[in-house]
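Asks: If you scroll down you'll find the structure; I have some questions about it.
The values are calculated or read from the model by the stated rules, or taken from the named source; none is laboratory data. Fair warning: this is a prediction, and the values are worked out from it, not measured in the lab. Counting neighbours? That spans all protein chains shown, and the Cβs are built from the backbone with ideal geometry, glycine included. Side chains are part of the model used for accessible areas, which takes the heavy atoms of the whole protein and leaves out ligands, DNA and RNA. Shrake-Rupley method; radii C 1.70, N 1.55, O 1.52, S 1.80 Å.
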Protein chains: 4
Amino acid sequence: MLSLASSGAIIDAAIAKARESGLAPIAVAVLDAGGHLIAFKREDGAGFFRFDIASGKAWGSLGMGFDSRELSNRAKNLPTFFSMLSVAAGGRLVASPGGVLIEDAQGNLIGAVGISGDLGDQDEACAIAGIEAAGLRARPSKVA
Amino acid sequence: MLSLASSGAIIDAAIAKARESGLAPIAVAVLDAGGHLIAFKREDGAGFFRFDIASGKAWGSLGMGFDSRELSNRAKNLPTFFSMLSVAAGGRLVASPGGVLIEDAQGNLIGAVGISGDLGDQDEACAIAGIEAAGLRARPSKVA
Amino acid sequence: MLSLASSGAIIDAAIAKARESGLAPIAVAVLDAGGHLIAFKREDGAGFFRFDIASGKAWGSLGMGFDSRELSNRAKNLPTFFSMLSVAAGGRLVASPGGVLIEDAQGNLIGAVGISGDLGDQDEACAIAGIEAAGLRARPSKVA
Amino acid sequence: MLSLASSGAIIDAAIAKARESGLAPIAVAVLDAGGHLIAFKREDGAGFFRFDIASGKAWGSLGMGFDSRELSNRAKNLPTFFSMLSVAAGGRLVASPGGVLIEDAQGNLIGAVGISGDLGDQDEACAIAGIEAAGLRARPSKVA
């Protein structure tokens, strides 16, 4: 199970990484394995829609079983199918890098983090940094 | 403007109050004046639907202009009207104590906190404690 | 047809009436006969959800063919039916006084005004004052 | 805070610009920083769907943090991602020029105007003219 303590640590470390890297203001959502929000922070200056995008990257990763970089790659080849998935999900799925699955020490899937605010590659780097700073493991992307 | 720093302080103080008081696990959402999430934490053991309820108390308070205790009082007398408001709001409005408006030192409305997890009166007490611990003001309820 | 010029005149006169009467800040929506927004103003200090409520009073009046005072009276006797109507309307129908049908000089239905912000009776008085100030006619309520 | 007085001035000046320029009838929406409608006017002859488009340009600009010309540019390169954002936003985001962010004298984001009715470039020119006529500042487009 992913605790609130770990979730808060992931978020704070991801934001620290964004500040060190001089990124645009970001929003960071941590969801449990059921796709439900445990914790969230949106930096001053980040647009209000960033919550939906950050959550959508994490929700889509959990719902499909792989991270949102892989979702994004598949969406390029299957645009109509992914538009349908988006509708089927009620808008809760967003296919763009920045959603990363979280594993415990035994490799069990325990949740996901989603970040939005800068470019997808930068968002994803903050997500991985956050997970590792909290002593957990980011599940490697299938296409890495 | 309600900063992320203040929002985080509100949440941590509200949760500390809940632990001191021996309450059930709570979820705490802080929204800006436009009804958008700035920060959120859900304690271990709190059900996943608590996010929607906590947010809904805060969103309803901001959308109508008074806290969710007053929303709750009005809903008792006007049940059908409030059912319609719930639908009109797309489910984002929840009428039960625990949503409290946040003012700055000049009395400007800058956001709201919503809490769900224990009884409404207890949730509300944590909301007020959190706001005050962050050096801000809880707008008094119209019916207080 | 209800012109933008007349719609703007209705809104400005309704707000003037609210200020003269010392009411809470109001939101005023004018819709054409098809239920679509022509013009809208929300006074400083009125909550953001007031748009949906004001529009919903006007939309419901036009959709059913009588004003929202009558909608409100019927809802008291048929709460489950009106909850269903609210869902069927996707939340666009709100049953509370303050939505008034607008007629031209020949008695043709050309639109509706909806107001939210103060008590329903006060909102309705402003709606009627606005319509009359613009040289149009408020269709009398069936139950007046 | 963006006042109703300023919002009304923006709309009237934008419409005056459209008439001077001989444009098709337009719809003009002014939203606060939280994406909520403050004021709106739709000229006689403008289709009823123009409200949704005008509002969507403004809402999308505020939600993402840059104007709808930039949204439009990004959507050309990322069509599937933007289809998903549209669904995630419940249809409230529209990526086409004509949505412009409004700043106060200190450069703070206080709202947005969205216009629909003529070509996007023309809509945008009216939006900027309206903002400047009201003594406020249009935030320059990232790609200008």
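Asks: Consider only pairs whose beta carbons are under 8 Å apart and that are at least six residues apart or on different chains; among these, list those whose first residue lies in region D:72-100 and is closer than 14 Å to A:T80 by Cα and whose second residue is surrounded by fewer than 20 Cβ atoms within 10 Å (Cβ to Cβ) and of a type in the set (S, T, N, Q).
Replies: Listed by first residue and then by second, the contacts come to D:T80/A:S83; D:S83/A:S83; D:M84/A:S83; D:V87/A:S83.
Asks: Just to verify a result, which residue in region B:123-144, among those that are in a loop (DSSP other than H, G, I, E, B) and among the aliphatic types (A, V, I, L, M), is surrounded by the most Cβ atoms within 10 Å (Cβ to Cβ)?
Replies: B:A134
Asks: Next question. Do you know which residues across region D:101-144 are on the phi > 0 side of the Ramachandran plot and free of Cβ contacts under 8 Å to residues at least 60 places away in the same chain?
Replies: The one that is on the phi > 0 side of the Ramachandran plot and free of Cβ contacts under 8 Å to residues at least 60 places away in the same chain: D:G107.
Asks: With the requirement that a residue be among the small types (G, A, S) and in contact with a strand residue (DSSP E or B) (Cβ under 6 Å, 6 or more places away or on another chain), what does region D:61-109 give you?
Replies: Scanning region D:61-109 gives D:S61, D:S68, D:G98, D:G99.
Asks: Looking only at region D:8-44, count how many residues are outside any strand (DSSP E or B), touching an Asp or Glu at 6+ places or on another chain (Cβ under 8 Å) and of a type in the set (V, I, T).
Replies: Number of matching residues: 2.
Asks: I'd like to know if region D:45-59 contains one or more residues that are surrounded by fewer than 20 Cβ atoms within 10 Å (Cβ to Cβ), part of a helix (DSSP H, G or I) and in contact (Cβ under 8 Å) with a residue 40 or more places away in the chain.
Replies: Checked region D:45-59: at least one residue is surrounded by fewer than 20 Cβ atoms within 10 Å (Cβ to Cβ), part of a helix (DSSP H, G or I) and in contact (Cβ under 8 Å) with a residue 40 or more places away in the chain.
Asks: Among the residues of region C:99-114, is any assigned to a loop (DSSP other than H, G, I, E, B), under 22 Å from B:L78 (Cβ atoms) and among the hydrophobic types (A, V, I, L, M, F, W, C)?
Replies: no
Asks: Also: Here are the criteria: (1) in contact with a Lys or Arg (Cβ under 9 Å, 6 or more places away or on another chain); (2) under 29 Å from D:A105 (Cα atoms); (3) open to solvent by 30 Å² or more (accessible area, probe 1.4 Å). Tell me which single one D:F81 does not satisfy.
Replies: Only one criterion in (1) in contact with a Lys or Arg (Cβ under 9 Å, 6 or more places away or on another chain); (2) under 29 Å from D:A105 (Cα atoms); (3) open to solvent by 30 Å² or more (accessible area, probe 1.4 Å) is unmet by D:F81, namely (2).
Asks: So, in region A:96-105, how many residues would count as being at pLDDT 95 or above and open to solvent by 10 Å² or more (accessible area, probe 1.4 Å)?
Replies: Within region A:96-105, residues that are at pLDDT 95 or above and open to solvent by 10 Å² or more (accessible area, probe 1.4 Å) number 4.
Asks: Can you tell me how many residues in region C:34-44 are surrounded by 24 or more Cβ atoms within 10 Å (Cβ to Cβ) and either within 14 Å of chain B (Cβ to nearest Cβ) or of a type outside the set (K, R) (or both)?
Replies: Residues that pass the stated criteria total 5.
Asks: Looking at B:K17, is it over 19 Å from A:P25 (Cα atoms), surrounded by fewer than 24 Cβ atoms within 10 Å (Cβ to Cβ) and more than 7 Å from every other protein chain (Cβ to nearest Cβ)?
Replies: yes
Asks: Name the single residue, out of those in region D:60-78 being among the basic types (K, R) and out of contact with any Lys or Arg (no Cβ under 9 Å at 6 or more places or on another chain), that is surrounded by the fewest Cβ atoms within 10 Å (Cβ to Cβ).
Replies: Per the criteria, the residue is D:K76.
Asks: Is it the case that D:L4 is within 21 Å of C:D12 (Cβ to Cβ) and free of Cβ contacts under 8 Å to residues at least 40 places away in the same chain?
Replies: Yes: the conditions hold for D:L4.
Let's see how each residue does on (1) farther than 18 Å from A:D52 by Cβ; (2) of a type outside the set (G, A, S); (3) out of contact with any helix residue (DSSP H, G or I) (no Cβ under 9 Å at 6 or more places or on another chain):
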residue: D:G91; (1), (2), (3): no, no, no
residue: D:V94; (1), (2), (3): no, yes, no
residue: D:G114; (1), (2), (3): yes, no, no
residue: D:G120; (1), (2), (3): yes, no, no
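Asks: Of all residues in region A:80-113, how many are within 14 Å of chain D (Cβ to nearest Cβ) and among the hydrophobic types (A, V, I, L, M, F, W, C)?
Replies: Qualifying residue count for the region: 10.
Yes/no matrix, rows are residues, columns are (1) facing chain B (nearest Cβ under 10 Å); (2) touching a Pro at 6+ places or on another chain (Cβ under 8 Å):
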position	(1), (2)
C:R69	no, yes
C:I115	no, no
C:G120	yes, yes
C:A134	no, no
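Asks: Quick one: is C:S7 more than 21 Å from D:I53 (Cβ to Cβ), open to solvent by less than 20 Å² (accessible area, probe 1.4 Å), small (G, A, S) and within 13 Å of the chain's Cα centre (by Cα)?
Replies: No: the conditions fail for C:S7.
Asks: Determine which single condition A:N77 fails, assuming it passes every other condition in (1) within 14 Å of chain D (Cβ to nearest Cβ); (2) modelled with pLDDT of 95 or more.
Replies: (2)
Asks: While we're looking at this one, here's another question. Here are the criteria: (1) farther than 27 Å from C:D104 by Cα; (2) surrounded by fewer than 17 Cβ atoms within 10 Å (Cβ to Cβ); (3) away from every other protein chain (no Cβ under 11 Å). Tell me which single one C:L23 does not satisfy.
Replies: Failing condition for C:L23: (2).
Asks: Then there is this: What number of residues within region C:71-95 are within 16 Å of the chain's Cα centre (by Cα) and closer than 17 Å to C:L31 by Cβ?
Replies: Count: 6.
Asks: Considering (1) open to solvent by less than 20 Å² (accessible area, probe 1.4 Å); (2) without any contact (Cβ under 8 Å) to a residue 24 or more places away in the chain, say which one A:L31 fails and leave the rest.
Replies: So the condition that A:L31 fails would be (2).
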